Amino acid sequence: MKESSMKHCLVVLVLAVALPFASASSAALMYVGYWDVADPNAPIWSETPPDGPLAYTGQEAAALLFGGSASDYSISTVDDTVANINNMAWYDIIGYGGSIFAENYSNKYLGQYYGPTSGFGSDINNAASAFVRDNLTQGVERNYAFKDDGVNVPEPSVWSLLLASLGGFVWARRRSQATAR
């Protein structure tokens, strides 16, 4: 068997063995929009006594507003640039005001509400929601949503392997053509 044919077979073998085990990095994220915690369409904290309206994590609010499931989203308090995602969200805390917590922070009265609508004190540990009209001002505390676009991108190591294999194949081919002359 010629040396170039052997190298070609080796390249094919490396690719055949490596590619099934190549992992994909997390899918690319796309900016889909933003919302203010105190959006005019958000539930009003006092409208559903005694427990209050449903409370949302940053990711749950994004899923409610933009569709999909909460796990599809990454949230940022910085801006609409993927490179600046901080995985944090603004929350309104009943009786306390606004604060930034993790995008999946969940502190809900009775496990699901932004309440109670009476008898609460000013405590940062009260129920919190990333989508409710209470203490915050519209246009100030803004959460930016990024959604998994569903396209898997190969890890850099996979690209390195593919390029190295292709480079080896091209080198072997040129070398065999040069010696054949």
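Read the figures in this text as sums done on the coordinates, not as results from a lab. Please read these numbers as outputs of a predicted model, since none were measured by experiment. All Cβ positions, even for glycine, are placed from backbone atoms using ideal geometry, and neighbour counts span all protein chains on display.
Between ASN125 and ILE100, the distance separating the two model label sites (each 7 Å from Cα on the Cα→Cβ line) works out to 2.4 nm. Net charge in the neighbourhood of THR57 (other residues with Cβ under 14 Å of its Cβ; Lys, Arg +1, Asp, Glu -1) is -3. Amide H to amide H distances under 5 Å link TYR34 with ALA145, where only residues 5 or more positions off or on other chains count and H is placed in the peptide plane.
Summarising the label geometry, the points placed 7 Å from Cα in the beta-carbon direction at VAL82 and TYR31 lie 1.2 nm from one another.
Diagonalising the gyration tensor over the Cα atoms of region 20-115 and scaling each eigenvalue by 5 before taking the square root yields semi-axes of 28, 14, 12 Å, largest first. Other residues with beta-carbon under 13 Å from the beta-carbon of ALA70 carry, at +1 per Lys or Arg and -1 per Asp or Glu, a net charge of -3.
Note down the net charge around TYR91, summing +1 for each Lys or Arg and -1 for each Asp or Glu among other residues with Cβ under 12 Å from its Cβ. Once positives and negatives cancel, what remains is -4. Converting phi to 3J(HN,Hα) with the Karplus coefficients 6.51, -1.76 and 1.60 and the offset θ = phi - 60°, region 100-111 yields 9, 9, 4, 4, 10, 4, 10, 9, 10, 5, 6, x Hz in sequence order, with x at every glycine or proline.
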